[in-house]
Every structure is written in structure tokens, then in C-alpha cells.
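Since the structure comes first, as C-alpha cells, the remarks are kept for the end.
The values are calculated or read from the model by the stated rules, or taken from the named source; none is laboratory data. Here the structure is a predicted model, which means the values were calculated and not measured. Ideal geometry is used to build each Cβ from the backbone, glycine not excepted, and the neighbour counts take in all protein chains shown.
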């Protein structure tokens, strides 16, 4: 019998009040893994009330004691490392190595949270006026929540939850209903920590649960990662209801390759960027801009290397690229490839129609490379979120920068070059929040904010790093004089 998932509210696993469920499938095998409840506003309200009830006592818990939970949490995650990675593969379709990388990144966020006692300190000035001292003290705010995506079901919630609760807040996570099993397992580990009831809560569901989180009067802030259209809704809804919000949107990440670049090394990096996680990364390289004479050798090497990738089921250790998330995603990606071809792009490597022995019904899209792409084509402008790489040709560096800056997205951009001059000009002029210099995936570590500009991010404070401390606390100013 297929498991119907439960919510975790007030320290207990409880049934959702929802009558309907959302099926959770393995995208490679089509196996039905679980039924995810499409939780209601009443379920969200119960979780927020539990978090609100826990807040005062949790806030009064010394910050060093709160941080101790993070050390124990990390140990539990390490103990279940392979189980977590396998869960990510089964529900998301990643390869085993990609899933291990995701779990490792999630654990790094827990490491960062353990440092909260050091970095959430305030500041003070004596004699700001005669006999008067002024102090800024950091304080938690209450109940925060996260609405998280399918593509990194284990890592992204851990960008937020550990830091939030170590700062003294309580928390609610609403994971993607397409990939809820990773958080189900993470919360089983959180349950083992014996945190006070209500400090962490988990509510499964779709749109109704998400809207309930954003509109609930007792939620003070929301973190979101997903597509740009939904990020806009999250930003506008949370702002309307007076909440703090950080909404990470979609991306169209460009990679410039200069004639002086090491082509072999560049291609190795671009391969991981474009086709890692089947292109379902918000930092995935989507468009390569070959500058000048780099064009022909770069294109030929990319086609050669991409054509050799072993596509298959992620739990097979030899697999180099897994599935996309669903049959619907496969259909959408294939239609965008077709639209690119209709608009004049040449499919020099076409991943449509790929078949994997033993997994004929799986949601596989093979590595695809479109050549001759122009800036006004759909595939150059719109997020595909699949293993599709477009190649554009620029005559010189300035033209390449102009092409990149035309994009309405600004999540990441990279350049491959041996020139320090070009590298500095690139990072100085390109309008993107994460810049890679001879790096294909410009992913910030947990102690740095995850950047994003233009329509890739809505808000003021990014996830991770010092920004997260700012987001999850407020400064109270104390001005005192003793007579």
C-alpha cells in the first residue's frame, strides 16, 4: 500500500484535513512513491499556531543552546547521508553523485547555522552623547516560513530553516508536492533532536497551502525559490500582507568563452553546468556565447562531449545524467526545442526521443545543443529548465557583454578566459548576482549570500550568509543614560 504522507505540527505527525492528494512518482521508473496531501488553510493555520505558541520559550533559550542542536542535527544528517541521497534520486531523478552533492551542500548550511552565536552580535557606542550609550541588539521576530522547489528538495529548505531557528525564530516548511520525501526524512531526523514542540513544522501541499502561508497574519517572513512568475506572486502577496520576503526566481544563465580560453577545460566545466541535474538548476548554463575564433572549436568539442554522456537511472552509479522531473516537464522542454528549431536554430545534438533500456516510460530528455541561436529567439530569452544548451556567436567581448545584459534575468553568468583584463571587465559590467570566472556553476557557499538580480530575485536580502542573519533578525536600538 502506498504511504499517504503526514504533516509535522507541534512535534507530532498528523493527518492533513485535506481530502485530496498529489501523487509522487519516481520520474525514471514511473513508480508511485507516495501520496502527498494537498493540505488546506486549516492545516497551515495549525502549523503556524504551533510555531507561534513555541516562539516565546524558544526565543528565551540561550543562543549557544540553540546552536548545540545544529551540531547534533549535522551528525544525524551525516549518519543518514546515503539514505538522503537515495531519496533525492528516487523522487527527483538526479544522478547519485548529484544527489550526494546536494546533501553535502545542505549539511554546509547547518554548519553555517552553528556559527550564528558569533555572527548575530549587535554593536555599541559609548558616550554617543554626554553620559549616553547607544546599542543595537539583534532579536528574532517570530514565525518564518519557506516555500521550496522540486529541483533541490533537500538542500534549499536547509538554506533557511537552520539559521532561522538558531537565531531564535520558529519555522514552517512547505516543500514542493512533486518532491516531498526528502523533507519528510529530514523532519524525521529533526524529530530525533527533541526540539521543543512547535519550533519546526512541516506542511505538505500545493497552491492553497502556499497562499495560506503567505497570507497568514502570524507569519512574519517568507523565503521562496522557484520560477519568476511565481516569485513575483510571492513577493507581491507577502509585501501586501506586511511580511519580509526573499523570492528567488528563474534564470537564463549565459557563459562567455573567449578565444584565449583553454577550450578543453572550458568545455568540461560547461558540460557540468548545462547538463548537470539535467539542466534543472537555477545556476545551469543555458546559453554559451562563443567570442570570435572560439566559436568553431568550442561548438565541435561541446557536441562531441555531450554526445558521449550516459543517460539513465540515477541510482545506477555509471549514469552521468538522469531524468527531468516529470512527463509534463519533458513535454514542455521538447516543445521549446521544437520552437527553437522553428525559429531557425540548428539542433546539432538532439535529445528528443531518447530511450533508456529498461526505463522506456521515464521522463528522459537527452543532452541537446542548438547552434545558430540569435538573441531574439525564444530559446535565448526564456528559461527552459532542462538539458538544452544554446550556442550564440559574438564578434568581440563588448558584444558578448551586451548580449548577456539584454536578458531580463540576472541569476548567474560566467566567463572562460586567460585574460585578467577580460575577467575584471566581465564581473564589473555584467548584471548578474553570481559571477563565475573560469567556473561553470557559480554557486555561493553557505557563508556567502546566494545572489540574484533583475527578474531572478525579488527582495532586499538574499538567502544564506550574512544576509540570512539580517533577514531572520531585527535590530532594536537601545539609548540609555543612568543618573
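Go through region 332-348 and report how many residues are surrounded by 21 or more Cβ atoms within 10 Å (Cβ to Cβ) and over 18 Å from residue 280 (Cα atoms).
2
Checking the condition in contact with a helix residue (DSSP H, G or I) (Cβ under 8 Å, 6 or more places away or on another chain) and either crowded, with 20+ Cβ neighbours inside 10 Å or touching a residue at least 60 places away in the same chain (Cβ under 8 Å) (or both), which residue from 322, 312 passes?
It is 322.
Of these, 357, 371, which one is outside the structural domain of residue 151 (by TED's automatic domain parsing) and surrounded by 15 or more Cβ atoms within 10 Å (Cβ to Cβ)?
Selected residue: 371, the only one of 357, 371 that is outside the structural domain of residue 151 (by TED's automatic domain parsing) and surrounded by 15 or more Cβ atoms within 10 Å (Cβ to Cβ).
Looking at (1) under 30 Å from residue 91 (Cα atoms); (2) touching a strand residue (DSSP E or B) at 6+ places or on another chain (Cβ under 7 Å), which one does residue 448 not meet, given that it meets all the others?
Here residue 448 meets the rest and fails (2).
Of the numbered conditions (1) farther than 30 Å from residue 221 by Cβ; (2) more than 17 Å from the chain's Cα centre (by Cα), residue 237 satisfies every one except a single condition; which is it?
(1)
Has region 327-348 got any residue that is in contact with a helix residue (DSSP H, G or I) (Cβ under 6 Å, 6 or more places away or on another chain) and touching a residue at least 60 places away in the same chain (Cβ under 8 Å)?
No; the residues of region 327-348 include none that is in contact with a helix residue (DSSP H, G or I) (Cβ under 6 Å, 6 or more places away or on another chain) and touching a residue at least 60 places away in the same chain (Cβ under 8 Å).
What strands (runs of 3 or more DSSP E), lying completely within region 71-155, carry at least 1 residues that are under 24 Å from the mean Cα position of the chain (by Cα), buried (at least 16 other Cβ atoms within 10 Å of the Cβ) and modelled with pLDDT of 95 or more?
Strands (runs of 3 or more DSSP E) meeting the threshold: 143-147.
If we only count strands (runs of 3 or more DSSP E) wholly inside region 407-483, which ones have 3 or more residues that are crowded, with 16+ Cβ neighbours inside 10 Å and touching a helix residue (DSSP H, G or I) at 6+ places or on another chain (Cβ under 7 Å)?
Because the criterion is at least 3 residues that are crowded, with 16+ Cβ neighbours inside 10 Å and touching a helix residue (DSSP H, G or I) at 6+ places or on another chain (Cβ under 7 Å), the strands (runs of 3 or more DSSP E) in region 407-483 that meet it are 412-416.
What about residue 264, is it in a helix (DSSP H, G or I), at pLDDT 95 or above, over 21 Å from the mean Cα position of the chain (by Cα) and assigned by TED's automatic domain parsing to the domain that holds residue 379?
In short, yes.
Checking residue 259 against (1) surrounded by 19 or more Cβ atoms within 10 Å (Cβ to Cβ); (2) in the same structural domain as residue 426 (by TED's automatic domain parsing); (3) touching a helix residue (DSSP H, G or I) at 6+ places or on another chain (Cβ under 7 Å): exactly one of these is not met. Which one?
The failed condition is (1).
Go over the candidates 306, 329, 290 one by one and state the one that is buried (at least 21 other Cβ atoms within 10 Å of the Cβ), under 23 Å from residue 380 (Cβ atoms) and out of contact with any strand residue (DSSP E or B) (no Cβ under 9 Å at 6 or more places or on another chain).
So the residue among 306, 329, 290 that is buried (at least 21 other Cβ atoms within 10 Å of the Cβ), under 23 Å from residue 380 (Cβ atoms) and out of contact with any strand residue (DSSP E or B) (no Cβ under 9 Å at 6 or more places or on another chain) is 329.
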